[in-house]
Amino acid sequence: MTPAVSTTFADELPGDFPPFEILTVNNPSPGVMLFSARGQGYGAYTIIADSAGNVLKFKKMTGNTSNFAVQPNGLITYGAGYFRKLETGFDGRSGELIVQTNSFGEFILAKSYEQVTPPQPFMTTPLYGERVLNDKNVKFSWSPKGYFRHSAILVAEDANFENIVIEEDSLIETSLTTDILQPNTEYFWKVAVTNDLEQGEWSETYTFTISEAYMDLITPIGGEVWNKDTTHNFIRWEKNIDEAVKIELLRDDVVVASISDSILSFTGAFAWIVDKEIIPDSTYKIKITNLKNPQLASISDEVFKIVDPTTSIEDMPSISSPLSISNSPNPFNSSTIFEFSTEVSGMATISIYNMYGQLGDVIYSSFVEPGVYSFDWDSEGFTSGMYLYKIIVGDHSKTSKMVIKK
């Protein structure tokens, strides 16, 4: 029998690592090893023996311990394998943990982990309602919450996932790139993750479309009031192509000023200080045009105002709009109530955008008749910050801002 070995690692451990003392390591019979430990520390250790198995000692492991595996012959294989849970006994009088094993190699001392069903992953790209350029590969990406082994993804041409075009159930990565999707087609996708216990629930379903290149101005789109001063007024647009554009100011639908002859904005935004020479009026619009393809352009849906800082807004002619929308409370923590009115009937959609003009979610989509509507909205999945929301009914639209504080 090999003499007992007692080793303390307190001096070798980092300051935030609780102390753990290895009390004894014994070899009571060939091929069977018994060791006991006491304390509150957790870490990885390797038990080393000579070729005859007579000399035993512990070596503290550092770095990524998941790159080691213990083989039946006692050798350590680098870069493969996994850790297996061993039956552990506890002596309450001495405070000893005791485990019996017939292999040498690396051992981890740790707390037990209670396995739970993995939560739904967070969808990253494509965003809900995104129009993906059809000359590029489509990259799906998602963010699991907590521990997981692998992911599953479904992509279909219908919301019921009957016409499936992509089905994977053992992805180690949290992304998938494909070039098999067809242009001018709407797709639906969802993902789920699996841990050692089971597969979790599928995520919510996102939809996107493979489309031609497009640009869509989202602010100003009508009803805004911009001052002639040092304030930066943000012109924002949606797009699925990164190419230079020119930005023009229109008055009564006639170009009266060039805001930028050429700008390449990856975020779809431009900060503009209104020139002093601009005449205050309430019939302005913004137009953006792709320089490579002038047919690719977008104009404000409705007119907006430019005023002198000293001019009262009430002194300006009013701009009539068949739509109005607001949310309360604003700012808010987790939920808010949206209320909108419309004087026209049609398909109504309300979308949330970040301040870079990127679509975050479509929170309302329904056919409406003239009237007043309201609904509750939960901001789960959105971080603190300022956001834009835009309502569209037929050919009319309205944009406003909200602030989430978490």
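Things worth noting here:
- Taken over the stretch 151-168, residues that are under 21 Å from the mean Cα position of the chain (by Cα) and over 16 Å from residue 204 (Cα atoms) amount to 1.
- Of the strands (runs of 3 or more DSSP E) entirely within the stretch 235-287, those holding at least 1 residues that are out of contact with any strand residue (DSSP E or B) (no Cβ under 8 Å at 6 or more places or on another chain) occupy 254-263.
- Residues in the stretch 210-234 that are within 30 Å of residue 169 (Cα to Cα) and surrounded by fewer than 18 Cβ atoms within 10 Å (Cβ to Cβ): 211 alone.
- Hey, residue 224 over 32 Å from the mean Cα position of the chain (by Cα) and either closer than 15 Å to residue 274 by Cβ or not assigned by TED's automatic domain parsing to the domain that holds residue 276 (or both) or not: no
The values are calculated or read from the model by the stated rules, or taken from the named source; none is laboratory data. As the structure is a computational prediction, the values presented were derived from the model and not from experiment. Counting neighbours? That spans all protein chains shown, and the Cβs are built from the backbone with ideal geometry, glycine included.
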